[in-house]
Every structure is written in C-alpha cells, then in structure tokens.
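Asker: A single structure is presented below for examination.
Just so it is clear, none of the values below were taken in a lab; they were calculated from the coordinates. Being a predicted model, the structure only gives us computed values, none of them experimental. A quick note on method: Cβ atoms are made from the backbone with ideal geometry, for glycine too, and the neighbour counts reach across all protein chains shown.
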Amino acid sequence: MKKMNDLSLLRRQRSSEILRFILANGAMTRSEIVACTGYTMASVIKYTQFLVESGVLMQEPGGSGRTLSFRIATGLGNVVAIVVGRTIQAILVNPHGVELCSSDKIPFESDISPEAFLAVIDQVIGQVKQRHASSKGGDMRAIAIGLAIGGYINPRKGISHSFYASKTWQEFKITDAIGSAYGIHTFMMNDANAAVLGEKYYGDGKAFENMLLLWLGEGTGLGLLLQGELYTGASFYAGEIGHTKTELSDELCYCGKNGCLETVTSESNLIRSFRNMIGSVVNSGGIIHHQDGAEDVTIQTLINLANQGDRFAQKVFTYAAKALAAKLADICNVLNPEALLFRGPIIDGNRFLFDAVEHELRPLLLSPIDSALTLSYNTGSASPIGKGLSAAALLQILGDTTPESEGSGL
Ligand SMILES: [Zn+2]
C-alpha cells in the first residue's frame, strides 16, 4: 500500500472515485466505470490496472466471459469495527461488507476511566482475533480499526465531546491511543454517519445518492448522504437532531436543555413513558400488564406489544412518531432526499412505529418532495454500522474522506 502515497492528488482523486463506484456497485466492467465516472477508457484502463497492481482491486471474468469486471480485492484485508454505545462490541468485516465474526457486547461503568475504556476495547478486539483464528485460522489481517460513537465527536482529533462515559476525559485522543497500541490506521465516526455509509455501500441504499438515515436507539441521530458524499458539516455535528426542540415535550434533557427530541424518542424515555402509563394491573387490548413485570420491560417487549395491538405500547410509539414526523418533514422539505431509511433498536422490526411515522410524515411533505421520497425500515435487526465503518476505512485508504489518512501507514 506504500505506493498509494506517491500518487499525485489528481490520480488519487480519480482512483478514489473509481473505488467509490465499485464499492457501491459490487463489481463493474471498465465500460460501466467509464459510464459512471465520465473518464476516458484510456484513463479507466490505467487506473484499474494501478489499483489491481496495488492490491486494492481484483479482476475476474465478467458476465459475458469476454469482459473483465473489477471488485474490491478480498486480499486487501479486513476492518475491525468497534461499536460503542451502552456496550462495546468489535466486529470483523471483510472488504465486501461481510461480517466475519464479532465479540460479545461488553458493558462498562458510566464513570469509566480512559485506561479502563481502552482495556475493554482491547478485550473485544482480543475476542474477535481469537474467534477468527479458531473459525478461519490465521490472523485477522486487519488494515484499520474504526470506532462508531453516538453524539458529538471530532473525527480529526479522534475525541468525543459528548460520550456519556467520557465526561471527565473528553479531550483524550481515543483513536491515537488505539492506533498506537495496534500500529494500524484508526479512525472514529458518528454512529448514524457510519450507518448511512453501511446502507449506501452494502445495504438498501445502493441506488441512492441523496439519502438520510435516522438512527433510533438510546440516541436519535441523522446520517446525511448528499450527492453521494457523507455530509458532516462545519463542526462534524450535522444531523444531530436528538437535541433539537420538539413541540411535544418540555422535559429536561440530560444535555441541560428542555424539550429535546430525545426526551420523547430515546430508548430509555420510551420505556419510562410506558411504565408511567400503565397502572397497577391493566388490561389493554387483551394483553395483561403487571406492575411488577413493568420493571422488566425492554424496547423489544414494547415493540412486540405494539405490533400485537397493545394500545398502551402503541400510544407511546404514536407520540414518538408525531415528534419525529414534524422534525423529519422540515428536513426532507429542505433537502429533497430520494430515501429516508429508519434503523436502530427502536425501529428495527417495529412495523407499528414505521407505519405511524409514515402516516404522520407524508401529509407534511410538499408534493414534489413526497413523490420522490422512498421510506423504509429494517424488518430484521442487522445493524449497518459495522459495515459502514468498513466502507469508510476503504474510502480513507485512498485519502477520499479524511486528510489525515494520507500517509497513514496502511
Ligand atoms: Zn438534549
């Protein structure tokens, strides 16, 4: 990979553009690359040859058997994706977006020290390494480590400004510490941003160049893909709608403001609303809730209840749908996206919430916006975040998305 650093800026940009299209399409012939990029056939031949020689692309017979098609080389190596939320999990992802194995989800104390945080990272990486060795043999062949963290981060510095467990060490350069411990390129992304890249390159978003992904978990965030590029804004804070004001709440948020969207839509607040709503013993829609049992309510319980017709669970989600739709309508009416994907533990498999959001949202959209907009949710629970970190790592290899990746030692 050393050869990459000798490329001129123009060559690197063109190689990067070709790589981006191949990542999004899986495999492409030279003619298809010409059609997508607008480069001459001579240029495409030159750059694809360079990328094959560099080990980034591999060539194989195309559909007709006479033409060659190009795809990301399996031999390029894998990416260790680390998903940080209330737990930390590592996932090993290959260059085709396939998750090879994953660690346990390790919980940690909310006042964890940076040293203990790094020890958990070390633990999950160790688990992935060991599981990969026992199932596939050999080492992980990792080319990068990517971290996904919710909220306000600075990917250039590798710090998190708002991670709840790093309140006393928010200037600590997490990615520097991990990168120097493992000796490979390490980077950080907001989790909704990683998710939108995962859908763009390996999931349901391949056809879209203008796409929003709403992540609904303990936090509420929006990943924005505009004209094919991830949009993160001037302070890397674009899409953080969780702490914007909703008219449907005036409750105090943990951020210190009142009436943030997350005071209605976060996982813990949805569960709290449900607990507050149900009485000692109520019968709603034929489903019995017991007060004692309410302590055990998880978001999955709530989703199952809503899908089964429980009117209390449905009331909680309907309220959240109204708050979400009002926000999303304004955003969609301004940005005119092709697609809005809903992902995350609150809406994965939650047909009731998805239908409720669509029911509230569509009437608020301007007609040309509405007719162009595809809405979808995930009927399963597979998260795109690990795959998105893998795509981001591959894009960074050619210096596409972060200036720091140039000469990163990959
Ligand atoms: Zn807030």
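Asker: Give me D355, D204 sorted ascending by neighbouring Cβ count inside 10 Å, so fewest comes first.
Answerer: D355, D204
Asker: In segment 204-377, with Lys and Arg counted as +1 and Asp and Glu as -1 at Cβ, which of these residues, S266, A325, T232, has the Cα nearest the positive end of the dipole, that is, farthest along it?
Answerer: A325
Asker: Here's a follow-up. Between L68, L340, L230, where does the largest GNM mean-square fluctuation fall for the chain, given springs only between Cα atoms within less than 10 Å?
Answerer: Residue with maximal mean-square fluctuation among L68, L340, L230: L68.
Asker: Using the alpha-carbon atoms, what tilt in degrees (0 to 90, nearest 10) does helix 351-361 show relative to the longest principal axis of the chain?
Answerer: Once rounded, the angle reads 90 degrees.
Asker: To continue, here is another question. Counting other Cβ atoms within 10 Å, keep those with at most 12, restrict to DSSP loop, and tell me which trypsin sites (Lys or Arg not before Pro) in segment 164-255 are left.
Answerer: Working: sites: K167, K173, K200, K206, K245; in loops: K167, K173, K206.
Counting only loop positions with at most 12 other Cβ atoms within 10 Å, the trypsin sites (Lys or Arg not before Pro) in segment 164-255 are K167.
Asker: Right, another one. Against the longest principal axis of the chain, how steep is helix 41-53, in degrees 0 to 90 to the nearest 10, with axes from Cα atoms?
Answerer: Between the helix axis and the principal axis of the chain, the angle is about 80 degrees.
Asker: OK, next. Output wanted: per-residue J couplings in Hz (rounded whole) for segment 326-342, from phi through Karplus 6.51 cos²θ - 1.76 cosθ + 1.60, θ = phi - 60°, x for Gly and Pro.
Answerer: For segment 326-342, the Karplus curve yields 4, 5, 5, 4, 4, 5, 5, 5, 7, 8, 6, x, 6, 9, 10, 9, 10 Hz.
Asker: Moving on to the next point. How big is the dipole moment of segment 2-74 about its Cα centre under a simple scheme where the beta carbon of each Lys and Arg is +1, that of each Asp and Glu is -1, and everything else is neutral? Debye, nearest 20, please.
Answerer: Details: 10 positive and 5 negative charges, 32 e Å.
Its charge dipole is roughly 160 debye.
Asker: With the Cα gyration tensor of the chain in hand, convert its eigenvalues to equivalent ellipsoid semi-axes via √(5λ) and list them largest first in whole Å.
Answerer: The three semi-axes for the chain are 38, 25, 20 Å.
Asker: Under a point-charge model restricted to the Cβ atoms of Lys and Arg (+1) and Asp and Glu (-1), what is the dipole moment magnitude of the chain relative to its Cα centre, in debye to the nearest 20?
Answerer: Result for the chain is approximately 1080 debye, rounded to the nearest 20.
Asker: Here's a follow-up. Of the DSSP beta bridges with both residues in the chain, give the percent that are antiparallel, rounding to the nearest 5.
Answerer: Working: 36 of 58 bridges.
Here the antiparallel bridges make up roughly 60 percent for the chain.
Asker: Another question, if that's okay. No solvent, one uniform scatterer per C-alpha: report log10 I(q)/I(0) for segment 1-157 via the Debye equation at q = 0.09, 0.12, 0.14 1/Å, two decimals.
Answerer: -0.41, -0.67, -0.83
Asker: So which GluC sites (Glu not before Pro) in segment 172-255 are both in a DSSP loop and have at most 16 other Cβ atoms within 10 Å of their Cβ?
Answerer: Passing sites in segment 172-255 are E209, E247, E251.
Asker: While we're here: With all pairs of different alpha carbon atoms counted, what Kirkwood hydrodynamic radius in Å does segment 204-377 show?
Answerer: Values: mean 1/r = 0.0596 Å⁻¹.
For segment 204-377, inverting the mean 1/r across all distinct Cα pairs yields 16.8 Å.
Asker: Relative contact order for the chain: what is it in percent, counting Cα pairs under 8 Å that are at least 6 residues apart? Could you put the intermediate results ahead of the total?
Answerer: Details: 790 pairs, mean separation 64.8, N = 410.
The normalised contact order for the chain reaches 16 percent.
Asker: Which whole-number percentage describes the relative contact order of segment 307-407, with Cα contacts under 8 Å and a sequence gap of 6 or more?
Answerer: 30 percent
Asker: Sticking with this structure for a sec: Using alpha-carbon pairs under 8 Å, 6+ residues apart, how would you state the relative contact order of segment 2-74 in percent?
Answerer: Rounded, it is 33 percent for segment 2-74.
Asker: Nearest 500 deg cm²/dmol is fine: what mean residue ellipticity at 222 nm does the chain get from its DSSP H runs of n ≥ 4 alone, each adding -39,500 (n - 2.57), divided by its residue count?
Answerer: Computed mean residue ellipticity for the chain: -12500 deg cm²/dmol.
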